[in-house]
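Colleague: Here it is: the structure, laid out below.
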Amino acid sequence: MDIQALLDLAESQVEVSRQIEKRKSTLRGRTQINLFFEASTRTQSSFEIAGKRLGADVLNMQVGSSSVKKGETLIDTAVTLNAMRPDIIVVRHHSAGAVHLLAQKVDCSVVNAGDGAHEHPTQALLDALTIRRNKGRIEGLTVAICGDILHSRVARSNMILLAAMGARVRLVAPSTLLPPGIARLGFETFTSMKEGLKDADIVMMLRLQRERMNGSFVPSVKEYFRFYGLDQEKLAFAKPDALVMHPGPMNRGVEISSDVADGAQSLIREQVEMGVAVRMAVLEALASHLPNR
Amino acid sequence: MSNQPILFKNARLIDPASGREERGGVLVRDGVIAAVGPQVAQAADAQVIDCGGQVLSPGLIDMRAFIGEPGGPYRETLKSAGEAAAAGGVTTVVSMPDTSPALDDPAVIDFIVRRARDTSIVNIRPAAALTKGLEGQEMAEIGRLKEAGAIAFTDGARSVTNAQVMRRALTYARDFDALIVHHVEDPDLVGQGVMNEGEFASRLGLPGIPREAETVMLERDIRLVRLTGGRYHAAMISCADSAEIVRAAKGLGLPVTCGVSINHLSLNENDIGDYRTFLKLSPPLRHEDDRQAMIEALVDGTIDVIVSDHNPQDVENKRLPFAEAANGAVGLETLLSAALRLVHEERVSLPRLLNALSTRPAEILGLPGGKLSVGAPADLIVFDPDAPYVLDKRDLRSLSKNSPFDEARLQGQVMLTMVAGRVVFQRDTM
């Protein structure tokens, strides 16, 4: 299934979610385990709702209270869960490559819900869907991804997906937050918001983790907001009809001002709704490949 | 400020930016050079100053001076530093952030800029802290500090030992085209050392500081410059090996420049004699061979600038056993006379010397001065390069008198100093 078809499928799930009766039976009788090694309210609940709307039995593994805390390795956890015969495991892990490793050790389908600074594919899909719904296309758009690119899996997945769909992807950040060598991968990089946002159709802001704001990667919150925080003044560098996105959770007053986050150009709330739809589409697409024992 | 134009005539013009030397004059109007050359027409309304054949050149730009304001006004204030600078022909002083509080906050930079404008007769441009509290751990707000008026970023007399901090600072500073100035002296290798390591220190029974305290840090920094592309200036080098390192870095085309203090061009470790604490410096005075290497590096352009490293210390900090005394010497007022020794000894040409004292600092700092050309700020000096005198530290305008040149025979005196078109110093004998 190609990406546009997957987004079409997600589009139809939007309608399902807006009905009073939201339940489908695509995954009836199937078991979905959400295995989150890293706390995430938004992504985890989004996957949970998506699974339930498709009729799956959804189990959230609380890693904090699980055997992982007692020293079990990732592979042992995978083997143990596999023995319980789930159909889909949704995994979030703090280490890049961990989801890939786990997938090698289980028989069921595995969905990457974010691994370290590597990838967060369903986030990129929901962002693509949100853009497509609002701009009618992705091809030919200029998308500026701004902020902590270095540590961001959201950035990496969006860079790959949006570029594959024909968007011009720009990266805007202080040099300390740009991954070394990234320009050689074919992305335009900017260290100034003014230049990076010029003529952009989409301004995608990234979250800056608290531990990176105090003199390690950037000097301070004040300085970061002054030069890289998206406020009305900087948003004005982009096209007049530019739209603003943020994967959440936001640091208001750090990477984005409240008036922009809540303003007319913001798609941030729509992104959350599209999150459920895209995850339903992903799970449904997987369902068609699940073995019928 | 008087709006009346001033015409300097009968001068030996030296423009260290072009290397040009000729007889002529300079017309100053509205704070800038309005005309310069052998034939400058007399403006009807101009006040005329006859230079009597003496040298007229751009004012000196000193990239390194410690001023006690805020926090230590008994050592030096912006006002007293300005007076000392004017008497020494220094028209722009870069002040170090080692104050109390340290210059790591835009509000404090703003204070210095305003206070200097109100109280100092020369230009004082603050260098801000590179790391918060000069502690070498967390990068300071380079962007906001630059907006507030910081001209460069440095931890002053301290070195940033954490290479990761230095890497990120160089990386981040590049985005703002900010200059990082670094004191290259590894504090761990300095240890308890108080003077150059070697035979003389051993004879005096004083712990030594190896040259490697400097070269190890300098080599590291240059590797990081190569990695990051950040603009880097080694505040002061003191030994032959360091000159080699900088020469090689420049050969690679890296954005590296460096300075040397007037003390390291004029003095060596033997001048410490019987524990003269006014010669206790950081980096320490080195061997005569190192001093010779500094002069050669100055001549061939490896060393870009000469600084006073003006560091006022009061008697309480200096009248102590050598190992316990504070580092530092005053130098604003003697910078030019001491440097002219190299000209009198025919080691350095006068235009090259002035280039290192004025043009190169301006270029590195991105200032419009350092040249005799139309439109440049009228920051000018007139000096007699030959006038002999014996320095009496009681004549120093600086609030602190810790000069290593006390009672030294010097040659070359500033006769007049002009800042932004205004005469801020004029010797009685002119």
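Colleague: Identify all residues within segment A:127-140 that are surrounded by 23 or more Cβ atoms within 10 Å (Cβ to Cβ) and out of contact with any Pro (no Cβ under 9 Å at 6 or more places or on another chain); write none if there are none.
Modeller: A:Ala128, A:Leu129, A:Thr130, A:Ile131, A:Ile138, listed by residue number.
Colleague: Does B:Asp428 satisfy the condition of being among the acidic types (Asp, Glu) and open to solvent by 30 Å² or more (accessible area, probe 1.4 Å)?
Modeller: Spelling it out, B:Asp428 is indeed among the acidic types (Asp, Glu) and open to solvent by 30 Å² or more (accessible area, probe 1.4 Å).
Colleague: Got a sec? Which of A:Gly248, A:Gly253, A:Gly229 is small (Gly, Ala, Ser), under 22 Å from the mean Cα position of the chain (by Cα) and surrounded by 23 or more Cβ atoms within 10 Å (Cβ to Cβ)?
Modeller: Selected residue: A:Gly229, the only one of A:Gly248, A:Gly253, A:Gly229 that is small (Gly, Ala, Ser), under 22 Å from the mean Cα position of the chain (by Cα) and surrounded by 23 or more Cβ atoms within 10 Å (Cβ to Cβ).
Colleague: Go through (1) assigned to a strand (DSSP E or B); (2) more than 21 Å from B:Ser120 (Cα to Cα); (3) open to solvent by 10 Å² or more (accessible area, probe 1.4 Å) one by one and return the number of the condition B:Leu56 breaks.
Modeller: Failing condition for B:Leu56: (3).
Colleague: Out of B:Val414, B:Val330, report the one residue that is crowded, with 22+ Cβ neighbours inside 10 Å, over 30 Å from B:Val256 (Cα atoms), in contact with a helix residue (DSSP H, G or I) (Cβ under 9 Å, 6 or more places away or on another chain) and modelled with pLDDT of 95 or more.
Modeller: B:Val414
Colleague: Just one of the numbered conditions (1) within 14 Å of chain B (Cβ to nearest Cβ); (2) over 15 Å from A:Ala117 (Cβ atoms); (3) open to solvent by 30 Å² or more (accessible area, probe 1.4 Å) is not true of A:Arg212; which one?
Modeller: For A:Arg212, the failing item is (2).
Colleague: Given the conditions (1) closer than 24 Å to A:Phe217 by Cα; (2) open to solvent by 20 Å² or more (accessible area, probe 1.4 Å), report the number of the one that B:Lys250 does not fulfil.
Modeller: (1)
Colleague: Please go through segment B:1-42 and pick out each residue that is part of a loop (DSSP other than H, G, I, E, B) and surrounded by fewer than 17 Cβ atoms within 10 Å (Cβ to Cβ).
Modeller: B:Met1, B:Ser2, B:Asn3, B:Gln4, B:Ser18, B:Gly19, B:Asp30, B:Gly31, B:Pro38, B:Gln39, B:Ala41, B:Gln42 - these are the residues of segment B:1-42 that are part of a loop (DSSP other than H, G, I, E, B) and surrounded by fewer than 17 Cβ atoms within 10 Å (Cβ to Cβ).
Colleague: Checking the condition more than 21 Å from A:Asp107 (Cα to Cα) and either at pLDDT below 95 or outside any helix (DSSP H, G or I) (or both), which residue from A:Lys52, A:Lys69 passes?
Modeller: Going through A:Lys52, A:Lys69 in turn, the sole match is A:Lys69.
Colleague: Hey, any hits in segment A:191-203 for a residue that's within 14 Å of chain B (Cβ to nearest Cβ) and open to solvent by 70 Å² or more (accessible area, probe 1.4 Å)?
Modeller: Yes, that holds for at least one residue.
Colleague: Within segment B:151-201, count every residue that is within 11 Å of chain A (Cβ to nearest Cβ), in contact with a strand residue (DSSP E or B) (Cβ under 9 Å, 6 or more places away or on another chain) and of a type in the set (D, E, K, R).
Modeller: 3
Colleague: Among the listed residues A:Val143, A:Val90, A:Val79, identify the single one that is surrounded by fewer than 20 Cβ atoms within 10 Å (Cβ to Cβ), in contact (Cβ under 8 Å) with a residue 24 or more places away in the chain and of a type in the set (Val, Ile, Thr).
Modeller: Of A:Val143, A:Val90, A:Val79, the one residue that is surrounded by fewer than 20 Cβ atoms within 10 Å (Cβ to Cβ), in contact (Cβ under 8 Å) with a residue 24 or more places away in the chain and of a type in the set (Val, Ile, Thr) is A:Val79.
Colleague: I'd like to check something: does segment B:231-245 contain any residue that is open to solvent by 10 Å² or more (accessible area, probe 1.4 Å), in a helix (DSSP H, G or I), over 30 Å from A:Ser220 (Cα atoms) and free of Cβ contacts under 8 Å to residues at least 24 places away in the same chain?
Modeller: Looking through segment B:231-245, at least one residue is open to solvent by 10 Å² or more (accessible area, probe 1.4 Å), in a helix (DSSP H, G or I), over 30 Å from A:Ser220 (Cα atoms) and free of Cβ contacts under 8 Å to residues at least 24 places away in the same chain.
Colleague: Still on this model: Can you give me the number of residues within segment B:202-230 that are open to solvent by 30 Å² or more (accessible area, probe 1.4 Å) and within 14 Å of another protein chain (Cβ to nearest Cβ)?
Modeller: Final tally of qualifying residues: 3.
The values are calculated or read from the model by the stated rules, or taken from the named source; none is laboratory data. Owing to the predicted nature of the structure, the values given are computational and were not obtained by experimental measurement. Cβ sites come from the backbone with ideal geometry, for glycine too, and all protein chains shown count toward neighbours. In case anyone asks, the SASA skips ligands and DNA or RNA and just uses the protein heavy atoms, side chains included. Shrake-Rupley method; radii C 1.70, N 1.55, O 1.52, S 1.80 Å.
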